[in-house]
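Structure first, then comments.
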Amino acid sequence: MRIRACLALVILATACGREPPTQEEIEDAKSRVDLAVHAAHQARIALELLGILPVYTCGEERRTFVGRAAEGAHAKVACLTATAEAQSESSDAVVFSFPEGGCSVNGHTVSGQSAFIYQGGEERMDLFADLHGLKVDGHELQAKVGYGTCGDEERFWTEAAGNLPDRAGSSYRVDGRVGLRNGMPVFGSTSLVFDGPGEVSGPMGTDRVTFTALEYEVGEFLPKKGQALIETARGHRVKVDFSEVLWRLGKVEVEIDDKAPVTVPIVR
């Protein structure tokens with residue numbers, strides 16, 4: 001009975017032995033969560049572009065796969081020109097070219113060019129792309145993506161860092177890893193899951209952030225599941241829980257240190 005009462009009356013935190021945060025603490029946390037969510041969004045965009053390409057099939061001849069990958073990318077995004085190019089005896093590339101006026105990809109306007117370079121094959125394939133040649137919604141995409149597969153280690157990753165678009169005076173860094181489920185990467189036409197550490201810096205200092213199992217749906221800004229832990233420049237811990245119920249409302253649950261959780265809106 002007491003457990004039910006605490007869950008039902010969480011807003012009355014003192015009844016469950018936890019004091020609520022002050023309004024000042026809530027506003028401070030909300031600002032930090034906003035920057036962390038926007039940083040994760042940048043990493044997510046880069047990984048979604050990687051997801052346009054099929055994952056290498058172990059045992060397939062590299063040049064054959066690259067040609068098929070280019071055709072598949074164009075079929076998935078009609079306004080994208082994807083060209084297979086031989087780089088050397090040990091590498092081939094799929095070059096993405098988006099029209100100067102922009103191309104709609106998963107709800108974003110993308111322009112520019114980038115090469116996805118494949119090295120190895122059959123027993124081990126590594127893919128790398130520097131996406132700085134692309135613009136997303138008018139901003140340079142400051143990220144690199146890649147993967148290594150068919151060997152002892154399977155890893156799908158992004159390194160994203162730079163100034164946060166539409167957040168003047170703020171910057172970020174995220175080292176993201178795509179989640180694996182039953183040995184396969186969790187990204188594709190409808191969803192993406194990733195984890196990883198990061199940092200966000202702004203007028204309030206530099207916060208360290210750890211993202212855990214953020215699950216995104218295409219076209220949505222907030223993750224619908226997962227968690228972020230923010231260790232603030234002021235020595236506080238802010239835990240952010242993303243849930244499908246609050247996701248539909250554009251909100252997240254925030255817990256500041258050991259105080260009672262509160263729900264706050266996050267604006268794109």
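Values computed for the structure shown
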read-out: Accessible surface of the chain, 1.4 Å probe, proportion on carbon and sulfur as whole %; value: 49
read-out: J(HN,Hα) series, the stretch 87-97, from Karplus relation 6.51 cos²θ - 1.76 cosθ + 1.60, nearest Hz, glycine and proline x; value: 9, 6, 5, 9, 8, 9, 9, 10, 9, 8, 10
read-out: Entry for Rg and Dmax of the Cα atoms in Å (calculated from the structure that is shown) out of (1) 20.7, 70; (2) 20.9, 66; (3) 26.6, 91; value: (1)
read-out: Accessible surface, the chain, averaged per residue in Å² (probe 1.4 Å); value: 49
read-out: Cα gyration tensor, the stretch 106-176 - rounded (a/c under 1.5), prolate or oblate; value: prolate
read-out: GluC sites (Glu not before Pro) restricted to DSSP loop in the stretch 43-90 with at most 12 other C-beta within 10 Å; value: GLU61, GLU89
read-out: Dipole magnitude of the chain about its Cα centre (Cβ charges: Lys, Arg +1; Asp, Glu -1), debye to nearest 20; value: 800
read-out: In the stretch 96-192, GluC sites (Glu not before Pro) in a DSSP loop with at most 16 other beta-carbon atoms within 10 Å; value: GLU122, GLU123, GLU153, GLU154
read-out: Cα-based shape type of the stretch 5-153, given that a ≥ b ≥ c are square roots of the gyration tensor eigenvalues and the cut on a/c is 1.5; value: prolate
read-out: Residue-averaged [θ]222 nm for the chain, counting only DSSP H segments that reach four residues, each worth -39500 (n - 2.57); value: -6500 deg cm²/dmol
read-out: Rounded to the nearest 20 debye, dipole of the stretch 85-138 from Cβ charges on Lys, Arg, Asp, Glu; value: 280
read-out: HN-Hα J in Hz across the stretch 104-120 - Karplus 6.51, -1.76, 1.60, θ = phi - 60°, x for Gly and Pro; value: 7, 10, 6, x, 10, 9, 10, 9, x, 9, 7, 10, 9, 9, 9, 10, x
read-out: Gained length - THR190 relative to ARG234, 0.36 nm times residue gap less alpha-carbon distance; value: 12.1 nm
read-out: Relative contact order (percent, whole number), the chain, Cα cutoff 8 Å, 6+ residue spacing; value: 15
read-out: Residues with amide H under 5 Å from that of GLY179, placed H, sequence gap 5 or more; value: VAL186, VAL193, PHE194, ASP195
read-out: For the stretch 153-170, Karplus couplings with θ = phi - 60° (6.51, -1.76, 1.60), whole Hz, Gly/Pro x; value: 10, 10, 8, 10, 8, 9, 10, 10, 7, x, 7, 6, x, 6, 10, 4, x, 10
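The values are calculated or read from the model by the stated rules, or taken from the named source; none is laboratory data. Quick caveat, the model's predicted, so the values are computed rather than measured. Because the Cβ atoms are built from the backbone with ideal geometry, glycine has one as well, and the counts that use them run over all protein chains shown. Ligands, DNA and RNA are excluded from the accessible area calculation, which covers all protein heavy atoms including side chains. Shrake-Rupley method; radii C 1.70, N 1.55, O 1.52, S 1.80 Å.
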